[in-house]
Amino acid sequence: MVKIEHGRLQEHPIVDFKRGKEVTIYFNDQPVKAYEGETVAAALYAAGVRVFSRSFRWHRPRGFFCAIGKCSACMMEVDGIPNVRTCKVYVRDGMQVRTQSGLPDAEKDVFSILDDVIDKVFPHGSHYSKFTTSKKVREFMVKRMRKFTGFGNPPRAVFQGRAELEEIETDVLVVGGGPGGMSAAINAGKYGAKVLLVDENPFLGGQLVKQTHRFFGSAKERAGTRGIRIAGILEEELMGIENVEVRKETRVFGIYNGEAGAYQRLNDDEGKLLRIRAKKIVVATGAYERTLIFENNDLPGVYGAGGVQTLMNVYGIKPGNMGLIVGSGNVGLILTYQLMQAGVNVAAIVEAMPRIGGYFVHAAKVRRLGVPIYVRHTILKAKGRKSVEGAVIAKLDDRWQPIPGTEKEIKCDFICVAVGLSPTHELLYQAGCEMKFVPELGGIVPLRSKFNETSVKGLYVAGDVAGIEEATAAIMEGRIAGIHVAVTLGYGGEEAKKELEEAVKEIEEFRAGPFGERIVNGLKKCTLEDEVIS
Amino acid sequence: MSLGYLERGYLEKEELPPFPSEERLKKKTVAYIECPQPIPCSPCFESCPANAIEMKNINDPPKVDYEKCTGCMKCIRVCPGLAIFMLRLRDDGMGEVTLQYEFLPWLKKGDRVKLYNRKGEEVGEGVVNWVLPPERNDNTSLVRVEVPAELIFEVRAVRPVG
Ligand SMILES: Cc1cc2nc3c(=O)[nH]c(=O)nc-3n(C[C@H](O)[C@H](O)[C@H](O)COP(=O)(O)OP(=O)(O)OC[C@H]3O[C@@H](n4cnc5c(N)ncnc54)[C@H](O)[C@@H]3O)c2cc1C
Ligand code: SF4
Ligand code: SF4
Ligand code: FES
């Protein structure tokens, strides 16, 4: 069996967890053992912490959800700085971490009794109409209310570091170092364009770093190879191109008339502001996980499927003993298999559709290991007080309504929501791209040409941010965007133009099957008139 | 209308691909592929040195020509769907099923295992008589189990006894 120590997997069939030096962090003044390279949220989870914060109105307990910095459920005060997403900061010896909502802390919050009564005392919206007798009273009460809601205190620490500004000129800026971004950088770079690729993480690979399974696709796109290895292969290729520069821990916060602003973290006390002037920008910022409406869906123990993958496959931390998976797309099916590989049981997979959403072969893998798959079923509620202790599922009728009397109780200590992703499109909006809601592509996506150029000239997209698909498609899109960028900047000549045509043809073939049909339909709704390359 | 395997997560008898002939199964091990759905995937096809796998395009489900298949096991090493099984009937009346295995503890030759069918029901016990160790195939071990002859089209998963 799989050996566990301090909540951490000691062995795993696929991953060899390399933990850094042992350090001690302090959580609400209690020492917690952690290893360098772990995020604060991961280390706390391994130590058994489940309540990360309290909701600001009802003071309901909240756990982490996404583990990749996109949902804010894990915010705490770290070394005196409030509202830090603990799933994105790494532990350091002596670090002081506190929950910032709840009295005395999030775990024991006495205000949680309000869950039942607050609506009677302060009906929703009443903070606008109450305490308005005088400005003084109002100001005093607003301060109290802020404190009460747990948005954190303003930093007590005074900024001690140095702030520098660096101005950068480059041909191409690639935002995001997942498969889409890396592929774009490789393909623009290999024809001679000067490329800067930035990613906010201290590592490259994006979502690939938690995908321990072998990939689908064609051998040319490295199918049959594990996702985690593909990340390494792409990174090596990238590093081999001289005119490509990579900056990690660098987050782009805005694109203004073709210029990008970014913040690069250098070390614990130093960082710098970057002003990047690029002739072309490729945005490959990926996606975030969606959630689902059901009773108690905010209870600690209800996690995003990707969040659980991060915890388990990147940090080697066991999410629980018995999981329930909601959603039978590839993500839910693959996660089920990965949980079993880590020695975690899966009670069931529930799916609202009348059929399994992902690939049959992924379903067959877990079905033959005894995991039931309930199609036409949904989750009605999560049970438990401070964390998940079970769930209730029920059968759905033809009109997607739960059929009374079909409720079934499932014993589990965590629930993974695997109901899809939505593009991380904020930068595109802010840059002024024309956007459109296309359900087939996972939500609001930019209009784009068949070479992935958006309505803002010189601004390209690749990967999940252009529409939720998968890594192979992200790599193919990155290739198309990268080569088109190179060609329009005058690099690569005939050879590049020929490769571009091939790349477009290849992705069309890839999407020709029934799984691609949806994507193709979605793309029809947001493709700008074809451009001709002269 | 029944949606068949996509509703259940496993194939029923009538949904299985054609069986190799008994004669072929007796000659040497042969690849049997349970991958009926059109998905964009082709490493089995690309890895086959004998051209025994037919696939018209990347979305076409693979079909094995059992006469061409040499039993080289290239395809089963790489299949991301864990959908390929090597089957053989021995002269002594026993059968052999080789499958991909990615769990701890790793299985070794001589280990007794419980046998499971496509639905996860236990159908008996068997003995491992050969493995390709995980380190030789990027942590996908290949495990060959000895099973009663009539179970070679049934056994699709194994777990260590105990
Ligand atoms: C459970 C699961 C299983 C999957 N299985 C498969 C599979 O079998 N086969 C397959 O092909 N695909 C699979 N995928 C899908 C695949 O992982 C994604 O489609 C792919 O990673 C998308 O690539 P990307 O480059 O668009 O985005 P991502 O990989 O998400 O990378 C985006 C990167 O951008 C960075 N970033 C975001 N915003 C900023 C910013 N403002 N500044 C700087 N950096 C930023 C992020 O840190 C991240 O590193 C799976 C996904 C999941 C979740
Ligand atoms: S076993 Fe070898 S010959 Fe047979 S189908 Fe697989 S790769 Fe081809
Ligand atoms: S490699 Fe496996 S999953 Fe992919 S098409 Fe071949 S048999 Fe199916
Ligand atoms: S932002 Fe940290 S868990 Fe989502």
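Bear in mind these aren't lab numbers, they're just calculated from the coordinates by the rules spelled out. Keep in mind that what you see is a predicted model, and the values were worked out from it rather than measured. Don't worry about glycine lacking a Cβ; one is built from the backbone with ideal geometry, like all the others, and counts go over all protein chains shown.
Points to keep in mind about this one:
- When cysteine pairs in chain B are screened for C-beta atoms closer than 4.7 angstrom, the residues that find no partner are B:Cys35, B:Cys41, B:Cys48, B:Cys69, B:Cys72, B:Cys79.
- Out-of-range pairs (alpha-carbon distance over 26 Å; input A:Lys108/A:Lys395; B:Lys27/B:Lys63; A:Lys279/A:Lys450): A:Lys108/A:Lys395
- Cross-link table A:Lys525/B:Lys56; A:Lys210/B:Lys74; A:Lys210/A:Lys365; A:Lys318/B:Lys109; A:Lys505/B:Lys56, entries beyond 22 Å C-alpha to C-alpha: A:Lys525/B:Lys56; A:Lys210/B:Lys74; A:Lys318/B:Lys109
- Residue exposure proxy: A:Trp58, B:Trp130, ordered by other Cβ atoms within 10 angstrom of their Cβ from fewest to most, comes out as B:Trp130, A:Trp58.
- Here the residues A:Phe515, A:Phe414, A:Phe294, ranked from fewest to most Cβ neighbours within 10 Å of their Cβ, fall in the order A:Phe294, A:Phe515, A:Phe414.
- Label point at A:Tyr429 placed 7 Å out along Cα→Cβ; residues across segment A:262-301 whose backbone nitrogen lies under 17 Å: A:284-291
- Annotation: aspartates and glutamates with alpha-carbon distance below 19 angstrom to B:Lys108 (same-chain offsets under eight excluded): A:Glu11, B:Glu96, B:Glu125, B:Glu135, B:Asp138, B:Glu146.
- Whole-number D in µm²/s for chain A (Stokes-Einstein; Kirkwood sum over Cα pairs; 20 °C, 1.002 mPa s): 87 µm²/s
- Annotation: lysines with alpha-carbon distance below 18 angstrom to A:Lys143 (same-chain offsets under eight excluded): A:Lys130, A:Lys135.
- Under 9 Å, Cβ to Cβ, from A:Glu469 - net charge with Lys/Arg +1 and Asp/Glu -1: -2
- Two-site FRET efficiency, A:Lys120 against A:Ala163, from Cβ-Cβ distance with R₀ of 45 Å, rounded to 0.05: 0.40
- Part-to-part distance (alpha-carbon centres) for segment B:93-162 and segment A:260-339, which is given in Å: 35 Å
- Within the protein assembly as shown, percent of DSSP bridges classed antiparallel, to nearest 5: 65 percent
- GNM flexibility winner over chain B from B:Thr70, B:Thr98, B:Thr140 (Cα, springs under 10 Å): B:Thr70
- With contacts taken as Cα pairs under 8 Å at a separation of at least 6 residues, chain B carries a relative contact order of 19 percent.
- Under 18 Å of direct C-alpha separation, and excluding same-chain neighbours fewer than eight residues apart, A:Lys383 reaches these aspartates and glutamates: A:Glu107, A:Asp115, A:Asp116, A:Glu295, A:Asp298, A:Glu407, A:Glu409, A:Asp413.
- Summing charges over all other residues whose Cβ lies under 11 Å from the Cβ of A:Tyr90, with Lys and Arg as +1 and Asp and Glu as -1, gives -1.
- Of B:Lys28, B:Lys109, B:Lys56, the one that fluctuates the most in a GNM where chain B has Cα springs shorter than 10 Å: B:Lys56
- The modelled label-to-label distance between B:Glu121 and B:Lys74, using points 7 Å beyond Cα along the C-beta direction, is 3.8 nm.
- Listing B:Glu135, A:Glu245 from fewest to most neighbouring C-beta atoms within 10 Å gives B:Glu135, A:Glu245.
- DSSP beta bridges fully contained in segment A:172-325 are about 55 percent antiparallel.
- For segment A:344-354, Karplus couplings with θ = phi - 60° (6.51, -1.76, 1.60), whole Hz, Gly/Pro x: 9, 7, 10, 6, 5, 10, 10, 9, 6, 5, x
- FRET efficiency, 1/(1 + (r/R0)^6) with R0 60 Å, evaluated for B:Glu22 and A:Arg275 via beta carbons: 0.20
- Residue-averaged 222 nm ellipticity for the protein assembly as shown, from DSSP H runs of 4+ at -39500 (n - 2.57), nearest 500: -6500 deg cm²/dmol
- Formal net charge of residues neighbouring B:Leu104 (Cβ-Cβ distance under 14 Å; K, R +1; D, E -1): -1
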